[in-house]
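A short worksheet on the structure shown next.
The values are calculated or read from the model by the stated rules, or taken from the named source; none is laboratory data. Because the structure is predicted, anything quoted here is derived from the model rather than measured. Heads up, the Cβs are rebuilt from the backbone with ideal geometry, glycines too, and the neighbour counts pull from every protein chain shown. Ligands, DNA and RNA are stripped out before the accessible areas are found, and what is left, the full protein with its side chains, is counted by its heavy atoms. Shrake-Rupley method; radii C 1.70, N 1.55, O 1.52, S 1.80 Å.
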Amino acid sequence: MSTEDPDADARRLAAVSLAADDPTGWFEHLYAAAADGSAVVPWDRGAPHPLLLDWIGDGERIRTGARALVVGFGPGFDAELLAHHGAQTTAFDVAPSAVAAARERFPGSPVDYRVADLLTPPDEWRHAFDLVVEIMTVQSMPPPFHPPATASVAGFVAPGGTLLVIATAAPETHPGGDAHGGPPWPLTRAEVNAFAQDGLHTVAVEHLDAVPPWYRWRAEFHRGSEEP
Ligand SMILES: C[S@@+](CC[C@H](N)C(=O)[O-])C[C@H]1O[C@@H](n2cnc3c(N)ncnc32)[C@H](O)[C@@H]1O
């Protein structure tokens, strides 16, 4: 296993799963290997995502007791941040080893860490969360899975609720962008706009030169409080 290129382990495991027509199986292999020290999780920043931190600011956006859902939580720092600001937080990931690692990393955490698949989410999560945070999960699956994954994410937002999406911007959206085979499969502008479905409307779509040469989307959507 390589530690020189932080993405090498992920790419190697992804290639095996994708060749077997399994878009998400490699995540479990990666987290399990990371648990025994034989691989690196490249998106483990050891801290919340900077664009989430910036969006949350002093936490005024989060009402105490608000029901929050973190999609594909990965290392768990984003979920812990929402809980720290008073949200009643559920966080899910398709990889059981990610759930085990988060529970071990944050003992006594109030976050409800769960195993679930964004492509087949629990029915009771539909329109159930006041704040939904999706950071780089949709883009971690090949493009044919983006529409169903996007529909699931939009469907989690309760009446009056907010969806925050942070994603890598597809190369054609910015100068010097280089197309490459995934993972990840960065989102086009149309794919970001597609979160405005199922009664959600767009509050803001930012295209940010956040970590050159990578551009990011940070987009916010809202569901009116009158909607079912
Ligand atoms: C690129 S990582 C991003 C992790 C985290 N959101 C972050 O920004 O650090 C994608 C995460 O989504 C999870 N994931 C991928 N496909 C998923 C699916 N269909 N359902 C739930 N989680 C999924 C992976 O296991 C991984 O933890």
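Listed values, structure above:
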quantity: Neighbour net charge for V70 - beta-carbon separation under 14 angstrom, K R +1, D E -1; calculated: -4
quantity: Heavy-atom accessible surface of region 45-223: percent carbon and sulfur, 1.4 Å; calculated: 54 percent
quantity: Accessible surface, the chain, averaged per residue in Å² (probe 1.4 Å); calculated: 45 Å²
quantity: Once exposed loop GluC sites (Glu not before Pro) are cut out (DSSP; at most 11 other Cβ, 10 Å), longest piece of the chain; calculated: 61-225
quantity: Mean separation of Cα contacts under 8 Å, 6 or more apart, over the residue count of region 77-170: relative contact order %; calculated: 26 percent
quantity: At R0 = 25 Å, FRET efficiency that the Cβ-Cβ distance of A20 and A100 yields, to 0.05; calculated: 0.60
quantity: Difference of contour (0.36 nm per residue) and Cα-Cα distance, D54 to N193; calculated: 47.9 nm
quantity: Normalised contact order of region 1-42, rounded percent, pairs of Cα under 8 Å and 6 or more residues apart; calculated: 46 percent
quantity: Listed residues H201, T150, M136: farthest to the positive end of the dipole of the chain (Cβ charges); calculated: H201
quantity: Mean residue ellipticity (222 nm) of the chain, computed from DSSP H runs ≥ 4 via -39,500 (n - 2.57), nearest 500; calculated: -8000 deg cm²/dmol
quantity: Percent RCO, i.e. relative contact order, over the chain, from Cα pairs under 8 Å lying at least 6 residues apart; calculated: 15 percent
quantity: Length added when fully stretched, T202-Q88, from 0.36 nm per residue minus Cα-Cα; calculated: 38.6 nm
